[in-house]
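Trainee: Okay, handing you the structure first.
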Amino acid sequence: MGTKRKQAEVSGNGATSDTTGQEVSISIDRTPANIQPVLATFLAAVPPVASSFSTYRYIANSKNDDCIVVSETDKVEYVGQNFENGKPLINGCRYMIGVYDPEKDTVVFRQAPYVRVNTVIKSLKNSRGVAERTNPSQIPQARNDLGVEFGSKKQKAGIRAEERNRINMDNVRNDMSVIGASIEQRASTMPSEEEIAKENEKARPVPKYDPDAKTAAEIYDMEDVLSKSNAAFINALALAKATDPEEHRKYVPVRTEFVAKKIEQIIGQKKPDLALLRRVMYLAYLIRFVNIGSKVIQNRESCIRSLCCSPEIATVIFDKFADCVAGTANPDGSPVYKKTPASESRLMCHIFVLMLSLNNWILFPADVAADLGLPIRETNRYLESVGCKLEPISSSDAASKGRKAAAASKKAVLKAPVKFPKANLRGKK
């Protein structure tokens, strides 16, 4: 069957193809566009998936296709261009990007400039000066600075060794005054040990706390752990009305010994405390989130469905304890998420604060470790991270809890004023 040619709706040459029995119009769009497609190569760090770039025409050059693209994050700037030293980056070929419209059965091609994007670290930019950054001869040094900032230990050692081998002592002697001024300038901008300690205190993975609290109950802001507005989405009343323990499984996704005992204690009262019951249920949701595998957590929507609670609470938990992986995407185009060491520490600290608040600010590490399936050392470390002191079990505690508690010989107690382990002054990597 012969094909029919459709007139192109934009300027350019039109052609048709009938490979599937369906007429498709192909054209080239040379008209000016508000949004110009660009092909980019990133020489170093790849920006996050949700990053947006701005495109500018380079007016210093008479060529219409010279352009510059820019973007930035809190720590990094991305600057790219499709020319260098007044010449295009590539010669002899052009890149085209085609957009298929299934409703109109058209494919429109538009020329896309090829851009090479360089990465600039903001903290290094301020100390190096504009003239040094814009000098093409400083590109190797900029790459070395990027390697020192983000490279592995082996890469950093190699860069330092290479720089040591390139030192010219005659130049160093002539530039002693310049080097001294540079060192003095950088030293003046470096944070003090006290400032670093304060930053590390702010970065602790614990909920908001009051270091001057007089009682253990006043140390942590439980509104920061579970706000009243979010707690309203937890159906504690339905759980309180459930008389059969087997019905509790409909509302609580995990069955740890701690959670089961607290539910029985609260429901067993004449007038159950629904606020405490919501706190127990929220604790169960967090423990459920701990047990969700990495493959499920990669996709935000599937992970929210797996939490077995209201979508509002699941969204709060996911946004608080999952981190987006920059530069990656799922097959459907959505960002990839994962639990990083920092988010896992934040999650476990919130779990232990909730357990302490439900147990009169005292926990037995051996019982908690067995209940959550954690090593005893890791359990002790989390308890110390939230401010607990490990004390020997008293004779009354040993008698009430039996041989198991006596063998453990430790209990974790949260006391005011709270004291945390000394922060690492080197900071997190």
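Trainee: Looking at (1) at pLDDT 75 or above; (2) assigned to a helix (DSSP H, G or I), which one does Lys125 not meet, given that it meets all the others?
Mentor: Looking at each condition in turn, Lys125 falls short on (1).
Trainee: Related question: Inspect all residues belonging to the range 383-399 and state whether any of them is surrounded by fewer than 16 Cβ atoms within 10 Å (Cβ to Cβ), at pLDDT below 90, aliphatic (A, V, I, L, M) and assigned to a helix (DSSP H, G or I).
Mentor: Yes: one or more hits.
Trainee: Sort out which residues of the range 66-81 are surrounded by 15 or more Cβ atoms within 10 Å (Cβ to Cβ) and not in a strand (DSSP E or B), and write them in order of number.
Mentor: Across the range 66-81, the qualifying residue is only Asp66.
Trainee: Let me ask you something else. Cβ-Cβ distance below 9 Å, separation of 6 or more or different chains: which pairs start in the range 328-340 with a residue that is closer than 17 Å to Ala45 by Cβ and end on one that is among the hydroxyl-bearing types (Ser, Thr, Tyr)?
Mentor: Pro335/Thr328; Val336/Thr328
Trainee: Which residues, counting only those in the range 363-381, are more than 28 Å from the chain's Cα centre (by Cα) and not in a helix (DSSP H, G or I)?
Mentor: Passing the criteria: Leu363, Phe364.
Trainee: With the checklist (1) at pLDDT 80 or above; (2) under 29 Å from Arg30 (Cβ atoms); (3) in a loop (DSSP other than H, G, I, E, B) in hand, flag the one item Ile97 doesn't pass.
Mentor: All conditions are met except number (3).
Trainee: Within the range 301-317, can you find the residues that are touching a residue at least 24 places away in the same chain (Cβ under 8 Å), assigned to a helix (DSSP H, G or I) and surrounded by fewer than 19 Cβ atoms within 10 Å (Cβ to Cβ)?
Mentor: Going residue by residue through the range 301-317, those that are touching a residue at least 24 places away in the same chain (Cβ under 8 Å) are 301, 303, 307-310, 312-314, 316-317.
This time we only want the ones that are assigned to a helix (DSSP H, G or I), so: 301, 303, 312-314, 316-317.
Hits for the range 301-317 are Glu301, Glu312.
For (1) surrounded by 19 or more Cβ atoms within 10 Å (Cβ to Cβ); (2) in the same structural domain as Asp319 (by TED's automatic domain parsing); (3) within 22 Å of Ser306 (Cα to Cα), each residue gets a yes or a no:
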site	(1), (2), (3)
Ile234	yes, yes, yes
Asp244	no, yes, no
Ile266	yes, yes, no
Leu274	no, yes, no
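Trainee: Suppose we filter Gly373, Gly333 for residues that are at positive phi, loosely packed, with under 15 Cβ neighbours inside 10 Å and outside the structural domain of Leu226 (by TED's automatic domain parsing); which single one remains?
Mentor: Result of the check over Gly373, Gly333: Gly373.
Trainee: Okay, moving on. Looking at Ala50, Ala45, Ala60, Ala15, which is the one that is over 22 Å from Arg143 (Cβ atoms), at pLDDT 65 or above and of a type in the set (Gly, Ala, Ser)?
Mentor: Exactly one residue qualifies, and that residue is Ala50.
The values are calculated or read from the model by the stated rules, or taken from the named source; none is laboratory data. Small disclaimer: the values here were computed from a predicted structure and weren't measured. Note that we place each Cβ from the backbone using ideal geometry, even for glycine, and neighbour counts take in every protein chain shown.
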